[in-house]
Amino acid sequence: MTRRGDRVARPNVGAAQSGQGGYAFRSYKLRRGYACALPLLAGFALIIQAGCTRRVAPPVAPIPTERLTEPARKPFAVRTLIHKDVDSIEIQVRGYWSMKQDGTELLLKRGKDLKETAEPSGAGIRLGDQRLPAANLRIESEGDRIVSVKGSNYHGSVILCRTAGGGLDVINECDPEAYVRSTLPAEMSPSWPEEALYAQAVALRSYVVYYIRSKAEAGHHLSGISAAYRGMSRESRRTNHATFDTRGMVLVWKDNYFPAYFHSTCAGHTADCSVVFSIASLPPLEGRRCPFCHNSPHSSWKGVSVARAELVEKLKADGVNVKDIESIRTAGAKGGDFHPGEVIINGSIRMNANRFRLLVGAAKLKSAAFDAKISGDKVVFSGKGWGHGVGLCQFGAKEMAQSGYNWKQILAFYYPEARLLKLYDDPDEATLHPPKS
Ligand SMILES: [Zn+2]
């Protein structure tokens, strides 16, 4: 337990809990402590001492860990829509591969070294000059378990599904560990402190497991934009370690999985999920003051201009009937937080603020916590933070890790009242059971 006023030089605790990889950080902290203990001059000592105690960590108890004791049920894989309703797609597998009708063990074809273009054909799917009489086709490697789609490598298998529109949906299916390994470096820089990477890995896995369970019967659980899923291209040693060392660990709240949302920068207070997503609130996602992300380059921003005509077109395309933009303001922030629930256009048109942010473009309008001014034919936005603001604040987690908090403390801070559950060691043997949603 951290006490107020403790000097924060405790990453060795986190390193011990998180397994390998803590040595460099630990030795750095020891060196820093040693420097503090050898003051040569009184004034110099005071300066050093001030430097050592500058970062005073508020108390954060590490999140408790429990191990799942009950058996769980199969299958345990995440399906991600990676290409939607396309006319054709290039598929490549090195070594032996097989094709089955998805959902069955019916082997349609087997071979070595596949490189073909898949496209719809009649009620089935054509692959090169072969027409296969299946509306849902699973392609898997029998060797390295990697399938390449349009030049990007993916763990697991690829499923081609005929769509109502006559095209093909391309779905990747892999176990959650492979998904986290591929996605983690796209969500958080591999160069960031390992305790932040560990926390992000657990948040990401919790998010994935929640969707596996809550969309169990759906054709896919996630889409490529749900998290920054781009296949294996960005995998790195540090993020692979963070994934491996936390394998099987997810956050739960009162026997329930929950979507452990995360975002770049909250700018001082994380948001309540009920305000942002109009879903039922729960303690781990209610939002709290975050004193850790003020150094983020996204803490505040200004001068983001969007043409009024462009905004009108985007709103119309989303079903909002508007002729021009005369005013935009936000409303519905809750408690001490500033993240709004609504955007009010022209004084009367109300829409979900997060939906508005995504409509304008998440990279352009970084946050819904904005002020908007009409300037000629443009709307000029200024605001703070990046992302929806719910759950783990990534720049805050980075600062916490640099201040000496371990990954369990980071998770406990951003997801109050959540528990950490070890679901499995090996996802191939894993099955999911207890939490109810
Ligand atoms: Zn923050």
Restricting the search to the range 249-283, which residues are under 16 Å from the mean Cα position of the chain (by Cα), under 30 Å from ASP425 (Cα atoms) and not in a strand (DSSP E or B)? PHE258, PRO259, ALA260, TYR261, SER264
Looking at (1) more than 14 Å from the ligand (Cβ to nearest atom); (2) in contact (Cβ under 8 Å) with a residue 40 or more places away in the chain, can you tell me which one GLU313 breaks? (2)
Here's a check for you: in the range 251-295, which residue that is among the small types (Gly, Ala, Ser) and within 15 Å of the ligand (Cβ to nearest atom) is surrounded by the most Cβ atoms within 10 Å (Cβ to Cβ)? ALA271
For the condition at pLDDT 95 or above, within 16 Å of the ligand (Cβ to nearest atom) and under 22 Å from PRO283 (Cα atoms), what is the one hit in GLN394, GLN402? GLN394
If we ask which residues in the range 294-322 are closer than 12 Å to MET351 by Cβ and in a loop (DSSP other than H, G, I, E, B), their number turns out to be 5
Got a sec? Which strands (runs of 3 or more DSSP E) wholly within the range 38-116 have at least 1 residues that are at pLDDT below 85? 65-67
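The values are calculated or read from the model by the stated rules, or taken from the named source; none is laboratory data. Predicted, not measured: the structure shown is a model, and the values here were computed from it. So basically every Cβ, Gly included, is an ideal-geometry build from the backbone, and we count neighbours across all protein chains shown.
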